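Here is the structure we will look at.
The values are calculated or read from the model by the stated rules, or taken from the named source; none is laboratory data. Keep in mind the model is a prediction, meaning the values are calculated, not measured. Heads up, the Cβs are rebuilt from the backbone with ideal geometry, glycines too, and the neighbour counts pull from every protein chain shown.
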Amino acid sequence: MGTLLFVHGFANDFNFALLSTAQLAVDLKFKGSLAMFSWPSRGDPYSYIADRSSTDDSIAPSEKFFKLVRASATKLYVVAHSMGAYLTLRTVDVLPEDFKIDRCDVGAQADV
C-alpha cells in the first residue's frame, strides 16, 4: 500500500500535526504506513515570520527525512498543507532528480 507522508502547515504544533496525520489517514481510509515531518512551528497564528524562517531552516532535515522514508516505502504519497507545502516544494527542489514520489498533494496557500 505504501507510505503516506504528511507535512503540516503554519501555526501547527507537533501535537496538532500528529493528530492531523492520524485524522488524514482515517479520512482517506489509508491502509499503509504513516510518516510525518514536523518542522518547528510556534503553533501561533501571530508567528508567521518565525514559522516561515523555521521552514527555510528545515529544508535539509526534511530532505534527509524524505530519503529515509522513501528507502523503506514501496510507494510514497506526500500530503502537505499550507506552509508545509512551501517546505515540501523547497525540499523537492533539492532532492535528486531520480527521487520518486508516487503522488504529491499540496494544500497551497498564497505563501507558496
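Worth a mention:
- Qualifying residue in region 73-84 (condition: surrounded by fewer than 16 Cβ atoms within 10 Å (Cβ to Cβ) and under 23 Å from M1 (Cβ atoms)): yes
- Whichever residue in region 34-58 is buried (at least 16 other Cβ atoms within 10 Å of the Cβ) and closer than 17 Å to V69 by Cβ and, among such residues, is farthest from the chain's Cα centre (by Cα): S58
- Residues that are of a type outside the set (D, E), closer than 18 Å to L89 by Cα and either in contact with a strand residue (DSSP E or B) (Cβ under 9 Å, 6 or more places away or on another chain) or at pLDDT 95 or above (or both) are absent from region 17-32 altogether.
- Qualifying residue in region 46-58 (condition: in contact (Cβ under 8 Å) with a residue 24 or more places away in the chain, of a type outside the set (A, V, I, L, M, F, W, C), under 21 Å from F16 (Cβ atoms) and touching a His at 6+ places or on another chain (Cβ under 6 Å)): no
- Considering the conditions (1) under 24 Å from A11 (Cα atoms); (2) surrounded by 14 or more Cβ atoms within 10 Å (Cβ to Cβ); (3) in contact with a Lys or Arg (Cβ under 9 Å, 6 or more places away or on another chain); (4) of a type outside the set (F, W, Y), L95 is excluded by exactly one of them, (1).
- Count - residues of region 66-98 that are of a type in the set (F, W, Y) and at pLDDT below 95: 1
- Take the conditions (1) charged (D, E, K, R); (2) over 18 Å from C104 (Cα atoms); (3) buried (at least 16 other Cβ atoms within 10 Å of the Cβ); E63 misses just one of them, which is (2).
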